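Sending over a structure as structure tokens; questions will come in a sec.
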Amino acid sequence: MTAARPLPVDAAGRPLFELPDELAIDTDVARRVIAGFIRGQLRQAGFERCVLALSGGIDSGLVAYLVAEAIGADKLLCVLMPYRASSPASRADAEAIVTDLGCHSELVEITAMVDGYLGRDGEPGAGGEAVLDASPVRRGNFMARARMAVIYDRSVTFGGLVVGTSNKTESLIGYTTLFGDNACAFNPIGDLYKSQVRQMAAAMGVPTQVIAKAPSADLWPDQTDEDEGAFSYPLLDRILYWRIDRRRSIDELVEMGFDRELVERVERLVATSEFKRQVPPVAKLGPRTAGVDYLYPRRRPGSARS
């Protein structure tokens, strides 16, 4: 598929983001497919509403616009869950998205939840002395899981399915927190690379400041995805596209001009994060084991199977 429209530009006429040619998609087709997917997932689960964690970043922002387009903004609840160290700009961007869509929203501060376990200012929390010096990654993972606990609780009160907001790039390299930001009932953007998320966001009318800013999980001050992972999304997306989608070998990617060390690093990331992309294995003891040989695809809309 090819890009449906030119890339947006800033005040100086420069593109807001880089989109490798091989990753360009027809956004009109993608919107129709994803809208049908969202409606189908709700129908087969017996729900009419959706709930999502809105960070103010491009991934959750795009999902909010996709859900609103598919089922209506009145059936969407966006939950904003800042921590005391979260960027005020992220909250402002999330609020701008809510205002633009006209959807339901709630603000739940997770500071008390997180500090209650990890402690604060040298005072231990429920986790004891052992977690006072927890690394930023460890603290970030706890925050991500705290947010998911909140979003699933709100899914009960609002009566909506939890929608995932992780993209294909994050999933493939394992840049996601198990039972945190990767927990959901279904994921509309799980087959879109980060570069394609940006293209889709521009087509959907996501605010320019959200599209242009450096991607961040906002788990600690000044944290960005690309700095933490030591990669550039357009380059990473290209390697993943040719290695995963097009099944090129490592040697073939090197012949195409990619750095061998980087390709091999990406290969290791994909391989070692496979456990995050699958349901937990079960030790088989009985004649029919759930998830092994008692295994059926999800019931499709309109299926007679109950």
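Read the figures in this text as sums done on the coordinates, not as results from a lab. What you are looking at is a predicted structure, and each value in this text was computed from that prediction instead of being measured. Cβ: placed from backbone, ideal geometry, glycine included. Neighbour counts: every protein chain shown.
Which aspartates and glutamates, if any, have their Cα less than 15 Å from the Cα of Lys284, not counting same-chain residues under 8 positions apart?
By straight Cα distance, Lys284 reaches Asp293.
Based on the alpha-carbon gyration tensor of region 122-183 and its eigenvalue square roots a ≥ b ≥ c, which shape applies: rounded if a/c is under 1.5, prolate if not and a/b is larger than b/c, or oblate?
Note, shape of region 122-183 comes out oblate.
Next question, about the same structure. List the residues, sorted by chain then number, that are 5 or more residues from Tyr193 or on another chain and whose placed amide H is less than 5 Å from its amide H.
Lys168
Follow-up. Between Ala212 and Glu123, take the C-beta separation as r, use R0 = 41 Å, and let me know the FRET efficiency to the nearest 0.05.
The value I calculate is 0.55.
Step through the table entries Lys194/Lys276; Lys75/Lys213; Lys168/Lys213, compare each Cα-Cα distance with 21 Å, and write down the pairs that go over it.
Lys75/Lys213
Another question, if that's okay. From the phi of every residue in region 48-62, what ³J(HN,Hα) in whole Hz does the Karplus formula 6.51 cos²θ - 1.76 cosθ + 1.60 yield, where θ is phi - 60° and glycine or proline is x?
10, 10, 10, 10, 9, 7, 9, 8, x, x, 6, 5, 5, x, 4
What is the spin-label model distance, in nm, from Ala283 to Arg32 if the labels are put 7 Å beyond Cα along the C-beta direction?
Label at Ala283, label at Arg32, 5.1 nm between them.
Tell me what the chain gives for mean residue ellipticity at 222 nm when only DSSP H runs of n ≥ 4 count, each as -39,500 (n - 2.57), the sum divided by the residue total, rounded to 500 deg cm²/dmol.
Mean residue ellipticity, 222 nm, calculated: -13000 deg cm²/dmol.
Note down the nm distance, to one decimal, between modelled labels 7 Å out along Cα→Cβ at Val292 and at Ala271.
2.6 nm
Whole Å is fine, so just give me how far the alpha carbon centre of region 1-74 lies from that of region 127-150.
Each part's Cα centre sits 30 Å from the other's.
Let me ask another. What fraction of the DSSP beta bridges in the chain is antiparallel, stated in percent and rounded to the nearest 5?
Bridges in the chain are about 15 percent antiparallel.
Most exposed first by the Cβ proxy, i.e. fewest other Cβ within 10 Å, how do Val67, Val263, Val29 rank?
Val29, Val263, Val67
Work the Kirkwood hydrodynamic radius out for region 107-212: mean of 1/r over every pair of different alpha-carbon atoms, inverted, in Å.
Computed over Cα pairs of region 107-212, the Kirkwood hydrodynamic radius comes out at 15.8 Å.
Under 1.5 on a/c is rounded, so check that first for the chain, then, if it is not, pick prolate when a/b is larger than b/c and oblate when it is not; a ≥ b ≥ c are the square roots of the alpha carbon gyration tensor eigenvalues.
Note, shape of the chain comes out rounded.
Give the order of Phe142, Phe37, Phe275 when sorted by the count of other beta carbons within 10 angstrom, beginning with the fewest.
Phe275, Phe37, Phe142
Could you pull out the longest piece of the chain with no exposed loop trypsin sites (Lys or Arg not before Pro) in it, calling a site exposed if DSSP puts it outside H, G, I, E, B and it has at most 16 other Cβ atoms within 10 Å?
85-245
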